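Notes to accompany the following structure.
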Amino acid sequence: MEINKIQQEIYQIGKFIIENLKLEDVVLTPSKVKEHGDFSTNLALRFAKSLNLSPIELANKIVERLNSDEIEKLEVVKPGFINIFIKKDNILDIVEQVNIERENYAQLELGKREKLLLEYVSANPTGALHLGHARGAAVGDSLSRILKKAGYDVTREYYVNDAGNQVNNLALSLKARYLQQFGIDAKLPENGYYGEDIVSFAKTLVEKYGDSHIHDEDFSFFRKEGIQLALDNIKKDLKEFRVEFDVFTSEQAIRDANKVEKVLELLKPYCYQKEGATYLNTTKDGDDKDRVIVKSDGSYTYLLPDIAYHKDKFDRGYQYLIDLLGADHHGYISRLKSSMKSLGYNPDKLQVDLVQMVRLFKDGQEFKMSKRTGNAVSLKELCEEVGVDAVRFFFVSRANSQHLDFNLDLAKSLSSTNPVYYCQYAHARLCTVLEMAKSKFEINIKPTSLNSDVEIALAKKLGEFKNVIKDSALTLQPCKITMYVRELAGCINEFYTKCRILDASNPEITSQRLGLVNASRIVLAEGLNLIGVNAPKHM
């Protein structure tokens, strides 16, 4: 039983009745009440008015024409929903498909191998990653896995902001800490970086270079070394967080290649001068005001190099760009899209999604301070406190646009109230059953006799996996995978509790239930993998 197949069949009928109907307009929602069928669609409610029909009339027209081998029964209910009852044999077909395709199950061709560049994290190389960066890392990496599963050719990119005042302040801070290692009274700049990581960087330079840079009159050495040391630390922390990148692009390299000046020249037809500054006309595309790209002193605003960077992305042959940015970039989206349009690119091929901040709670109180850095809690510290699995799971448990309150006590709890533990324990349970069944029972990968409510509900849930991946990819919301994993774990635990899986007196039913167990294990493990969470065999 494939949800997508049913969706296709309804679409084929509906497009003869509803002009300009698109496949994605046919939304099938799993029914929460058994009496309402397996799925329902609100297609008639959405399009009835445009056809001068009542929703009930349109629903009946669709049902009258729909003849599918997959469907047991269709019913139209007020105010115009179509309830769909699937034949049980077809529901169980999914178990065989999962067992045959294994980890390749639910590999989609939605993206048609379109070259897609996904940029995320892109934190300034000035210190440890904080929780905002960390959530962006979890969302971005999970999204890259989901988009690949959906059939896109994904490149993961980190934009290194290694130009501008923030790295100058890093260099000055590092130079001061370096000099202090030799007893020299050197003060950090007012907007410097006071974390212990900068002290650690200074000690590394002493070990590597000794006192050979005490008399440096500029800070270029410290700038270069500081950026590299900070970036190496960031890469190390991200790797431990199971986040890696294919490309690191340097802002300084973009500037050094004169790409900023070239973009400025291309944008001239859309610019004007005011009080000595150069403004880019972005209000023509819906921005709330035109944007300064060159200040009156001749220096560039952050926007201009960023425009050059995004042009570079398109020029490298990517057909679709996705940026995951912090919530403070809300006003940035329209000006960036307008800039791409002015350069001749399709702004719809650039999607910017904002990832909201995280608050930590411990013992019912907001938890802010870090013993190690004296500032915000770092990604590394959080992972040491509760583990990578818990951090990743919690960080993608809500929509990107929603603030996230992270409960440290819950994340460390070894009980069913902890959603990470609950899902991983369900997987370990299945592995234990399969281990116990070895050499005693065969696994029937094509069950036909299972008919209890919990068995059918579990098989149905397996059949939803493809649709969830598609929906998650199209909306750029990894939280939909997390929600699905929790629901699947719930179905697994109910099946485990209510069905006697290993029954020596009934080897045939046992072998069929083992087929369902193995399929469930495969899908649950793959769902956890899509959000970067381990699927342990034992707990």
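Evaluate the range 280-298: report whether one residue or more is hydroxyl-bearing (Ser, Thr, Tyr), outside any strand (DSSP E or B) and under 19 Å from GLY164 (Cα atoms).
Yes - at least one qualifying residue is present in the range 280-298.
Which residue, of SER339, SER370, SER378, is among the polar types (S, T, N, Q), at pLDDT 95 or above and within 29 Å of VAL167 (Cα to Cα)? Can you show your working first?
Details: SER370 fails: at pLDDT 95 or above; SER378 fails: at pLDDT 95 or above.
It is SER339.
Yes or no: the range 68-75 includes at least one residue that is hydroxyl-bearing (Ser, Thr, Tyr), open to solvent by less than 40 Å² (accessible area, probe 1.4 Å), modelled with pLDDT of 95 or more and not in a helix (DSSP H, G or I).
Of the residues in the range 68-75, the ones hydroxyl-bearing (Ser, Thr, Tyr) are 68.
Of the ones still in play, those that are also open to solvent by less than 40 Å² (accessible area, probe 1.4 Å) are 68.
Narrowing the set further to residues that are modelled with pLDDT of 95 or more leaves none.
Within the range 68-75, not a single residue is hydroxyl-bearing (Ser, Thr, Tyr), open to solvent by less than 40 Å² (accessible area, probe 1.4 Å), modelled with pLDDT of 95 or more and not in a helix (DSSP H, G or I).
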(message) Tell me yes or no: at least one residue of the range 500-511 is open to solvent by less than 30 Å² (accessible area, probe 1.4 Å), part of a helix (DSSP H, G or I) and touching a helix residue (DSSP H, G or I) at 6+ places or on another chain (Cβ under 7 Å).
(response) no
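Within the range 167-187, can you find the residues that are open to solvent by less than 40 Å² (accessible area, probe 1.4 Å), of a type in the set (S, T, N, Q) and more than 10 Å from ILE198 (Cα to Cα)? Lay out the reasoning, then the answer.
Narrowing the range 167-187 to residues open to solvent by less than 40 Å² (accessible area, probe 1.4 Å): 167, 169-171, 173-176, 178-179, 186.
With the extra rule that they be of a type in the set (S, T, N, Q), the set shrinks to 169, 173.
Selection gives ASN169 alone.
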(request) State whether one or more residues within the range 398-417 are among the hydrophobic types (A, V, I, L, M, F, W, C), touching a strand residue (DSSP E or B) at 6+ places or on another chain (Cβ under 8 Å) and surrounded by 22 or more Cβ atoms within 10 Å (Cβ to Cβ). (result) yes
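Give the range 337-350 a look and list any residue that's open to solvent by 60 Å² or more (accessible area, probe 1.4 Å) and of a type outside the set (Gly, Ala, Ser), or say none.
First, the residues of the range 337-350 that are open to solvent by 60 Å² or more (accessible area, probe 1.4 Å): 341, 344, 346, 348-349.
Hits for the range 337-350 are LYS341, ASN346, ASP348, LYS349.
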(request) Out of ASN124, ASN104, ASN161, ASN165, report the one residue that is over 29 Å from VAL358 (Cβ atoms) and polar (S, T, N, Q). (result) ASN104
(message) Looking only at the range 198-251, how many residues end up being acidic (Asp, Glu), touching a helix residue (DSSP H, G or I) at 6+ places or on another chain (Cβ under 8 Å) and farther than 21 Å from TYR159 by Cα?
(response) 1
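Can you tell me which residue within the range 97-133, out of those that are part of a helix (DSSP H, G or I) and closer than 30 Å to ASN161 by Cα, is farthest from the chain's Cα centre (by Cα)? It would help to see each step written out before you state the result.
Step one: filter the range 97-133 for residues part of a helix (DSSP H, G or I), giving 97-104, 131-133.
Right, trim to closer than 30 Å to ASN161 by Cα and you get 131-133.
Numbers: LEU131: 16, GLY132: 14, HIS133: 13 Å.
Here the answer is LEU131.
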(request) Return yes or no: is ASN104 out of contact with any strand residue (DSSP E or B) (no Cβ under 6 Å at 6 or more places or on another chain), free of Cβ contacts under 8 Å to residues at least 12 places away in the same chain, closer than 30 Å to VAL517 by Cβ and of a type outside the set (A, V, I, L, M)? (result) yes
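Would you confirm whether or not the range 146-155 contains a residue that is within 24 Å of HIS130 (Cβ to Cβ) and in contact with a helix residue (DSSP H, G or I) (Cβ under 8 Å, 6 or more places away or on another chain)? Show your work before the answer.
Step one: of the range 146-155, the residues within 24 Å of HIS130 (Cβ to Cβ) are none.
Among the residues of the range 146-155, not one is within 24 Å of HIS130 (Cβ to Cβ) and in contact with a helix residue (DSSP H, G or I) (Cβ under 8 Å, 6 or more places away or on another chain), which makes the answer no.
Go over the candidates GLY331, GLY317 one by one and state the one that is touching a strand residue (DSSP E or B) at 6+ places or on another chain (Cβ under 8 Å), surrounded by fewer than 20 Cβ atoms within 10 Å (Cβ to Cβ) and among the small types (Gly, Ala, Ser). I'd like the intermediate steps shown before the answer.
Values: GLY331 fails: touching a strand residue (DSSP E or B) at 6+ places or on another chain (Cβ under 8 Å).
Step by step, each of GLY331, GLY317 is checked, and only GLY317 is touching a strand residue (DSSP E or B) at 6+ places or on another chain (Cβ under 8 Å), surrounded by fewer than 20 Cβ atoms within 10 Å (Cβ to Cβ) and among the small types (Gly, Ala, Ser).
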(request) Could you grab me the full set of residues in the range 211-230 that are outside any loop (DSSP other than H, G, I, E, B) and among the β-branched types (Val, Ile, Thr)? (result) ILE227
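Per-residue answers, yes or no, for (1) open to solvent by less than 40 Å² (accessible area, probe 1.4 Å); (2) farther than 24 Å from LYS236 by Cα; (3) hydrophobic (A, V, I, L, M, F, W, C); (4) under 21 Å from the mean Cα position of the chain (by Cα):
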residue	(1), (2), (3), (4)
VAL377	yes, no, yes, no
PHE393	yes, no, yes, yes
ARG429	no, yes, no, no
ALA437	yes, yes, yes, no
LYS446	no, yes, no, no
LEU458	yes, yes, yes, no
LEU474	no, yes, yes, yes
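I need the full set of residues from the range 166-220 which are of a type in the set (Ser, Thr, Tyr) and more than 23 Å from SER122 (Cα to Cα), in order please.
From the range 166-220, those of a type in the set (Ser, Thr, Tyr) are 173, 178, 193-194, 200, 204, 209, 212, 220; that's our starting set.
Those that are of a type in the set (Ser, Thr, Tyr) and more than 23 Å from SER122 (Cα to Cα): TYR178, THR204, TYR209, SER212.
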(request) Collect the residues in the range 188-216 that are open to solvent by 60 Å² or more (accessible area, probe 1.4 Å) and farther than 21 Å from LEU231 by Cβ, keeping them in residue-number order. (result) GLU190, ASP211, SER212, HIS215
(request) Can you confirm whether the range 47-56 contains a residue that is surrounded by 16 or more Cβ atoms within 10 Å (Cβ to Cβ), in contact (Cβ under 8 Å) with a residue 24 or more places away in the chain, outside any helix (DSSP H, G or I) and not hydroxyl-bearing (Ser, Thr, Tyr)? (result) yes
(request) Scan the range 280-297 for residues that are loosely packed, with under 15 Cβ neighbours inside 10 Å and in contact (Cβ under 8 Å) with a residue 24 or more places away in the chain and jot them down. (result) LYS284, GLY286, ASP288
(request) Would you check which residues across the range 246-268 are surrounded by fewer than 18 Cβ atoms within 10 Å (Cβ to Cβ), assigned to a helix (DSSP H, G or I) and free of Cβ contacts under 8 Å to residues at least 60 places away in the same chain and list them? (result) ALA253, ASP256, GLU261, LYS262, GLU265, LYS268
(message) Report every pair of residues separated by at least 6 positions or lying on different chains whose Cβ atoms are under 9 Å apart, first residue within the range 384-402 and on the phi > 0 side of the Ramachandran plot and free of Cβ contacts under 8 Å to residues at least 60 places away in the same chain, second crowded, with 24+ Cβ neighbours inside 10 Å and of a type in the set (Val, Ile, Thr).
(response) GLY387/VAL420
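Does the range 76-89 contain any residue that is at positive phi, crowded, with 21+ Cβ neighbours inside 10 Å and not in a helix (DSSP H, G or I)?
First, the residues of the range 76-89 that are at positive phi: 80.
Next, from what is left, pick out any that are crowded, with 21+ Cβ neighbours inside 10 Å: 80.
Then drop every residue that is not not in a helix (DSSP H, G or I), which leaves 80.
Yes: one or more hits.
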(request) Being charged (D, E, K, R) and either within 35 Å of the chain's Cα centre (by Cα) or over 15 Å from SER449 (Cβ atoms) (or both) is the filter here, so list the residues in the range 493-539 that pass it. (result) GLU494, LYS498, ARG513, ARG521, GLU526, LYS537
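The values are calculated or read from the model by the stated rules, or taken from the named source; none is laboratory data. What you see is a predicted model, and the numbers here were worked out from it, not measured in a lab. Cβ atoms come from the backbone with ideal geometry, glycine included; neighbour counts cover every protein chain shown. Side chains are part of the model used for accessible areas, which takes the heavy atoms of the whole protein and leaves out ligands, DNA and RNA. Shrake-Rupley method; radii C 1.70, N 1.55, O 1.52, S 1.80 Å.
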